[in-house]
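The values are calculated or read from the model by the stated rules, or taken from the named source; none is laboratory data. All values reported here derive from a predicted model rather than from experimental measurement. Quick reminder, even Gly has a Cβ in these numbers, built from the backbone with ideal geometry, and neighbours come from all protein chains shown.
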Amino acid sequence: MDEHRKVAIFDGHNDAVQHIGEYREGGRDFLARSDDGHLDLPRAREGGMVGGLFAMFAKPERPPERDFTRTADGYEVRLAEPLDPPYARNTIRAQLDALNRVVERGAGQLRWARSVDEIDAGVRDGAFVMVLHMEGAEAIRPDLGNLEELYAGGLRSLGPVWSRPNIFGHGVPFAYPRSPDIGPGLTAAGKELVRACNRLGIMIDVSHLNERGFWDVAALTNVPIVATHACAHAVCASTRNLTDRQLDAVRESNGVVGFNLSVCDVRPDAHLDADTPLDVVTDHICYLVERLGEDHVALGSDFDGAVMPRPVQDASCLPRLIEALRARGFGETTVRKFALQNWLRVFRATWR
Ligand SMILES: [Zn+2]
């Protein structure tokens, strides 16, 4: 790849913490190039990735694949059990410690960013910038007593639910083909959480909410609506994807959708098949750009958290995606918005 054609990319979602040696015995070294998984510092550099939202996430005790049922035209996954809050708090603490140790070991190559100025400074200095995200709010106390502490620890983005219920709301069960309008939305505590995040300047992520939860957030929030990792329901009718009406609400709020590379949400047939051509990926991105406009689509890869299309099988392949978008007629201004600028705009509007 011609270095001049590379663009700076900020990614809206990864699950790298689940796989690093600081968190898991036998895990990978984030600072060394691996052929396993999708994301480490050398592969990020090769791909032009300058940073991303790093998710902390407490996995369900029973993996979703065990509750997977194939249907005549797709699949259904039974909604995961609620998580024990003390277990969630311990897990989140261990993941933040692990990420902090990687940053320390990186000796300046990696940096936390808590503001857009810190992202800009990091990119300028050639450091890889990490923004802290939490996927599912189980670790947050019902009275929100530890939310400010998490904010002080760097938290700038929060998904109230993963695809399971908690005291704040009801996640959307994984299913295809099916509407995301399944079950009730945010609880009273969930609405308080959205207000508190607005006050503090923590971005709310609508990914994994069901449709009612989405509209609850949309009605309450005073900042742009953001899905860090999602695609279009009109292209792939999975419950994790956003309907055209939801996309319209994101656009009207000046928000952004981070395009999720997970094959089951990208492919119109939702097959869990890495053998997914780049055209299928770019067709889907083109749909989102047509519906939302170029100011409202970015990248939210889900690296290290989902099955990737083979042509973009890890972070080092991102220039191939950018080239494919250019081949589809995206000009350099649009490419740069998709790669980085749209994220910076919503961060600036959200973080106080
Ligand atoms: Zn997710």
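Going through (1) touching a Leu at 6+ places or on another chain (Cβ under 8 Å); (2) farther than 30 Å from PHE30 by Cα; (3) in a loop (DSSP other than H, G, I, E, B); (4) not hydroxyl-bearing (Ser, Thr, Tyr) one by one, PRO268 falls short only on (1).
Out of the residues in region 236-256 that are of a type in the set (Gly, Ala, Ser) and closer than 16 Å to VAL266 by Cβ, which is surrounded by the most Cβ atoms within 10 Å (Cβ to Cβ)? Residue satisfying both the conditions and the ranking: SER238. Filter region 121-145 down to the residues that are without any contact (Cβ under 8 Å) to a residue 40 or more places away in the chain and either surrounded by fewer than 19 Cβ atoms within 10 Å (Cβ to Cβ) or within 16 Å of the ligand (Cβ to nearest atom) (or both) and list them by number. Result: ALA121, ARG124, ASP125, GLY126, ASP143, GLY145.
Here the condition is being over 20 Å from MET134 (Cβ atoms) and either aromatic (Phe, Trp, Tyr) or surrounded by 22 or more Cβ atoms within 10 Å (Cβ to Cβ) (or both); of MET49, MET56, it holds for MET49 alone.
Looking at (1) touching a helix residue (DSSP H, G or I) at 6+ places or on another chain (Cβ under 8 Å); (2) closer than 30 Å to HIS271 by Cβ, which is the only condition LEU110 fails? For LEU110, the failing item is (2). The set of residues in region 10-47 that are touching a residue at least 12 places away in the same chain (Cβ under 8 Å), away from the ligand (no atom under 16 Å from the Cβ) and hydrophobic (A, V, I, L, M, F, W, C) comprises PHE10, ILE20, PHE30, LEU31, LEU41, ALA44. Of all positions in region 210-230, at least one carries a residue that is in contact with a Leu (Cβ under 7 Å, 6 or more places away or on another chain), over 26 Å from GLU149 (Cα atoms) and either of a type in the set (Lys, Arg) or in contact (Cβ under 8 Å) with a residue 12 or more places away in the chain (or both). When SER207 is tested against (1) in contact with a Pro (Cβ under 6 Å, 6 or more places away or on another chain); (2) within 15 Å of the ligand (Cβ to nearest atom), just one condition goes unmet, and that condition is (1). Going by the structure shown, is ALA234 of a type in the set (Gly, Ala, Ser), away from the ligand (no atom under 16 Å from the Cβ) and touching a helix residue (DSSP H, G or I) at 6+ places or on another chain (Cβ under 9 Å)? Criteria met by ALA234. Pairing each residue of region 240-254 that is more than 10 Å from PHE214 (Cβ to Cβ) with any residue that is assigned to a helix (DSSP H, G or I) and within 16 Å of the ligand (Cβ to nearest atom), provided the two are 6+ apart or on different chains, yields C-beta distances under 6 Å for ARG240/ASP265; ASN241/ASP265. If you take the residues of region 64-83 that are part of a loop (DSSP other than H, G, I, E, B) and within 16 Å of the ligand (Cβ to nearest atom), which of them is farthest from HIS133 (Cα to Cα)? This residue is LEU79. Looking only at region 271-282, decide whether some residue is under 16 Å from the mean Cα position of the chain (by Cα) and free of Cβ contacts under 8 Å to residues at least 60 places away in the same chain. No, region 271-282 contains no residue that is under 16 Å from the mean Cα position of the chain (by Cα) and free of Cβ contacts under 8 Å to residues at least 60 places away in the same chain. Checking each residue in region 1-47 for being at pLDDT 95 or above and part of a helix (DSSP H, G or I) picks out ALA16, VAL17, GLN18, HIS19, LEU41, PRO42, ARG43, ALA44, ARG45, GLU46, GLY47. Would region 280-291 turn up any residue that is under 24 Å from LEU344 (Cβ atoms) and among the acidic types (Asp, Glu)? Yes - at least one qualifying residue is present in region 280-291. When region 48-63 is filtered for residues that are of a type in the set (Gly, Ala, Ser), outside any strand (DSSP E or B) and within 14 Å of the ligand (Cβ to nearest atom), only ALA58 remains. Summed over region 101-120, residues that are surrounded by 15 or more Cβ atoms within 10 Å (Cβ to Cβ) and without any contact (Cβ under 8 Å) to a residue 40 or more places away in the chain total 3.
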